[in-house]
Amino acid sequence: METLNIESLITDLALILTLGAVATILFKKLKQPVVLGYIVAGFIASPHFSLFPSVGSEANIEFWAQIGIIVLLFSLGLEFSFKKLLNVGGSAVVTALIIVTGMMGLGFVVGKMLGFAAVDSIFLGGMISMSSTTIILKALTDLNMRQRRFVPLIFAVLIVEDLFAVVMMVILSSVAINKTVAGDEMLRSVLKLSFFLIAWFVVGIYILPTVFKKFRRVITDEMMLVISMGLCFMMAILAVKAGFSMALGAFVMGSILAGTVEAERIERVIVSVKDLFGAVFFISVGMMVNPQVIVQHWGTILLLSVVVVLGMIVFGTTGMLATGQPLKIAVQSGFSLTQIGEFSFIIASLGMSLGVLDKSIYPIIVAVSVITTFTTPFFIRSADSVYRQIERRLPASWNTLLEGYSAHATQTEMSESRQIWMAVFKRFALRLILYSVICVALMMISDSYLEPFLVDTLGRKWASVVGPLVTLSVLAPFIYAIVRPHIRAGEREKLLALSGKVSYVPIVVMSIFSILLGLNFIMTVFYSYDYSSQFAIVAALVMAMLIALLFAPLLRKQLAKLERRFIGNVNVRENRRTGRGTNLVSDLHVAYMTVGHDCPFVGQKLKNANLRQRYGVNLVNIQRNGVLHPVPKGDMRIYPGDILGVIGNDEQIQLMLPLVEATSTPAQPVTDVKFTHFAITDKSPLIGKQLKYARISEDYEALLVAVQRGQDDFITPTPELEFQPADVLWIVGNPERLHDLC
């Protein structure tokens with residue numbers, strides 16, 4: 001039996017983390033992304049760099065890196081809820097689809113031109129099609145551009161790209177295993193992934209929020225960390241059992257937990273684990289960098305860097321224009337997406353682990369990522385000047401065409417009757433997909449577990465009688481949900497009022513399709529227990545009549561209960577915030593609001609805020625830093641980040657919500673403030689001025705601590721202090737801005 005060398009494992013971990021710490025401090029000083037520091041640390045710790053000790057076993061690093069990928073994907077999933085995907089809109093989906101499709105095609109063509117094998121070229125296309133959320137966020141923050149109009153659109157596109165990356169991992173795995181890009185195999189993989197996602201989304205949303213709500217008071221941060229990481233690794237194993245990667249399972253569990261009220265708390269408690277193992281993963285990426293390969297393939301690296309930059313600009317801008325965004329927004333968005341990052345490394349790691357990716361491609365992709373990371377701020381800054389050049393040189397007719405298309409795309413509204421029909425069709429499709437997946441999952445459980453159990457305990461004869469009855473009794477509410485009417489009475493009345501008549505053709509088509517699908521599920525159950533086709537058809541019709549005539553009221557009641565709980569769990573965060581679904585007495589609700597930075601009564605004592613007199617609500621508790629303060633006293637102050645538990649009716653809560661949660665993105669902290677000193681000359685703008693008129697704090701964001709006049713004479717600043725040449729100012733501030741005072 002093979003034993004694990006614990007000493008070697010810890011030694012290698014100590015080495016890479018020490019080098020990682022030094023490299024990140026250095027890169028922080030250089031104002032570069034920390035990810036690059038990790039990659040450099042990995043290169044230094046690798047056998048390719050002989051000036052430092054190298055890791056004893058690459059297998060040890062692979063072990064830690066796999067955990068890093070799982071934790072990293074789990075944390076990405078926590079930032080990506082399915083509800084958030086629905087809210088990003090079709091514009092982001094179309095733009096991301098254009099970018100990913102275009103870049104994958106471009107990458108495949110370039111790969112074949114460079115002589116790569118077909119599978120390598122497919123993986124190359126996948127690796128260069130994903131922009132880095134981490135790097136873009138860092139660049140926009142450093143450039144103080146988070147408030148620009150195009151930024152929310154970029155983040156929406158990145159959310160969709162993350163989902164596409166997960167789908168791509170599944171497709172690429174299928175391509176690698178089957179050594180083919182056959183359409184039927186890819187379609188089977190996508191359908192299998194869809195089934196896996198929907199099934200676990202339904203199970204997770206139905207169970208987890210209820211459990212968290214029930215045990216909220218007893219779950220400490222330590223317990224939450226254990227629970228969340230346990231769920232993460234559990235889903236990773238289930239994903240492997242289903243034929244997917246561990247990383248996909250971790251991402252799915254993160255996405256499920258992102259829809260719960262504990263999402264922010266989970267993000268907070270796992271941040272250290274994420275940072276640790278994320279660092280190990282990126283360090284392992286750096287260990288794959290081979291200088292000889294980079295020198296040998298420098299032309300390929302430069303070519304791919306140009307392909308990434310130009311491709312992202314072209315496809316990103318085109319995608320935004322296609323969805324009706326103005327030319328300026330489209331150009332700014334395209335120029336902000338000009339890099340590849342973490343998902344490129346994950347896809348490369350997937351190819352390496354499957355043994356289908358040429359080892360020389362990994363360091364090439366890492367080098368391309370480093371180059372495009374360094375150039376990202378330059379391209380973001382240059383977007384406005386490029387837009388002005390395009391606007392000047394673009395024919396007037398083209399400008400008019402683009403403006404007209406943008407206005408039409410953003411202002412076109414559907415008629416009210418069309419909106420109603422769209423709502424009906426969406427509900428029909430959603431119900432059909434959701435309940436069909438539930439039915440298939442339950443039938444698979446019946447085949448795998450119930451039937452063998454009944455055969456062993458009752459024998460084949462009685463199992464064929466009891467099995468279908470038990471299975472169909474569980475399936476009945478969901479089959480009823482599939483075949484029930486898909487248009488509501490209120491919608492029918494509105495359509496009748498708008499047009500004077502209702503077309504029943506769509507309703508009949510939907511109903512026929514639903515009934516046939518429901519009958520098919522019933523027949524499939526009997527088929528699985530070896531009944532004949534004729535018997536299955538007759539039994540299905542009899543069961544359908546029983547459901548329609550006898551059990552409809554009971555099934556309707558069960559279904560309503562299930563749907564209320566499910567929808568309540570889907571909207572649990574919004575309901576907790578607004579108080580919906582938490583009726584106390586009459587029309588009173590309890591809502592939990594997070595205090596924003598711009599709340600009008602931030603910093604005030606409760607007795608001065610007069611919440612009851614102003615808004616008619618009652619404050620029942622304040623949660624601060626995880627500590628609950630029930631029935632707070634009047635002397636307690638309100639601070640940003642506090643969670644206020646208030647009781648009021650709908651109107652009172654809706655009036656108070658925007659005031660309490662009012663916030664603007666706080667200015668980025670200044671990280672280069674120093675305590676320094678310098679002498680002022682006779683050309684300084686301070687000469688002859690008194691301190692109270694110098695506006696040092698207002699204009700220079702600095703604090704004057706002392707003035708040295710002469711060798712040892714230190715003067716404590718007073719408003720009447722008048723500055724003289726050769727005064728030495730001891731001051732706290734940004735040295736670059738203080739230079740103007742000299």
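The values are calculated or read from the model by the stated rules, or taken from the named source; none is laboratory data. Remember, predicted model here, so these are calculated numbers, not experimental data. Methodologically, a virtual Cβ is constructed for each residue, glycine included, from the backbone with ideal geometry; neighbour enumeration extends over all protein chains shown.
Table for the structure above
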read-out: Selection within the range 593-651 - touching a residue at least 40 places away in the same chain (Cβ under 8 Å), under 31 Å from the mean Cα position of the chain (by Cα) and surrounded by 19 or more Cβ atoms within 10 Å (Cβ to Cβ); value: MET593, VAL595, CYS599, ILE638, ASP642, LEU644, GLY645, VAL646
read-out: Residues being more than 29 Å from the chain's Cα centre (by Cα) and not in a helix (DSSP H, G or I) - total across the range 7-47; value: 2
read-out: Residue list for the range 689-742, filter: crowded, with 16+ Cβ neighbours inside 10 Å and outside any strand (DSSP E or B); value: LEU691, ALA694, ILE696, TYR700, ALA702, PRO717, LEU721, PHE723, ASP727, ASN734, LEU738, LEU741
read-out: Output for the range 413-443, where each listed residue is over 31 Å from the mean Cα position of the chain (by Cα) and at pLDDT 80 or above; value: MET443
read-out: Selection count where residues are over 26 Å from the mean Cα position of the chain (by Cα) and either outside the structural domain of SER360 (by TED's automatic domain parsing) or of a type in the set (S, T, N, Q) (or both), scope the range 306-331; value: 0
read-out: All helices (runs of 4 or more DSSP H) inside the range 196-311 with 2 or more residues being in contact with a Gly (Cβ under 9 Å, 6 or more places away or on another chain) and farther than 30 Å from SER46 by Cβ; value: 221-241, 246-257, 263-287
read-out: Qualifying residue in the range 633-650 (condition: touching a helix residue (DSSP H, G or I) at 6+ places or on another chain (Cβ under 8 Å), in the same structural domain as GLU722 (by TED's automatic domain parsing), at pLDDT 80 or above and outside any strand (DSSP E or B)); value: no
read-out: Cross-chain or 6+ apart pairs with Cβ under 7 Å, the range 522-547 first and within 17 Å of ALA476 (Cα to Cα), then aromatic (Phe, Trp, Tyr); value: PHE526/PHE535; ALA536/PHE526; ALA536/TYR527; ALA539/PHE526; ILE547/TYR480
read-out: Residue match in the range 468-479 (condition: at pLDDT below 80, under 31 Å from the mean Cα position of the chain (by Cα) and on the phi < 0 side of the Ramachandran plot); value: no
read-out: Scope the range 721-742; condition more than 55 Å from the chain's Cα centre (by Cα) and among the acidic types (Asp, Glu); matching residues; value: GLU722
read-out: Conditions (1) closer than 17 Å to SER132 by Cβ; (2) at pLDDT 80 or above; number of the one not met by GLN32; value: (2)
read-out: Checklist (1) among the aliphatic types (A, V, I, L, M); (2) in contact with a Phe, Trp or Tyr (Cβ under 6 Å, 6 or more places away or on another chain); (3) farther than 26 Å from LYS29 by Cα applied to VAL707, failing item; value: (2)
read-out: Any chance ILE364 is surrounded by 12 or more Cβ atoms within 10 Å (Cβ to Cβ), within 29 Å of the chain's Cα centre (by Cα), modelled with pLDDT of 75 or more and not small (Gly, Ala, Ser); value: yes
read-out: Residue in the range 226-234 that is in contact with a Phe, Trp or Tyr (Cβ under 9 Å, 6 or more places away or on another chain), more than 30 Å from ILE390 (Cα to Cα) and buried (at least 21 other Cβ atoms within 10 Å of the Cβ) present; value: yes
read-out: Test: residue in the range 536-546 that is crowded, with 18+ Cβ neighbours inside 10 Å, in a helix (DSSP H, G or I) and at pLDDT 80 or above; value: no
read-out: Close pairs from the range 286-304: first surrounded by fewer than 17 Cβ atoms within 10 Å (Cβ to Cβ), partner aliphatic (A, V, I, L, M) and not in a helix (DSSP H, G or I), Cβ under 8 Å, at least 6 apart; value: LEU303/LEU114
read-out: Only one of PHE343, PHE335 that is under 15 Å from SER132 (Cβ atoms), modelled with pLDDT of 85 or more, in a helix (DSSP H, G or I) and not aliphatic (A, V, I, L, M); value: PHE335
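One line per residue, one yes/no per condition, for (1) out of contact with any helix residue (DSSP H, G or I) (no Cβ under 9 Å at 6 or more places or on another chain); (2) surrounded by 20 or more Cβ atoms within 10 Å (Cβ to Cβ); (3) of a type outside the set (Phe, Trp, Tyr):
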| position | (1), (2), (3) |
| --- | --- |
| SER91 | no, yes, yes |
| VAL94 | no, no, yes |
| VAL100 | no, yes, yes |
| MET103 | no, yes, yes |
| VAL109 | no, no, yes |
| PHE116 | no, yes, no |
| GLY126 | no, yes, yes |
| SER129 | no, yes, yes |
| SER132 | no, yes, yes |
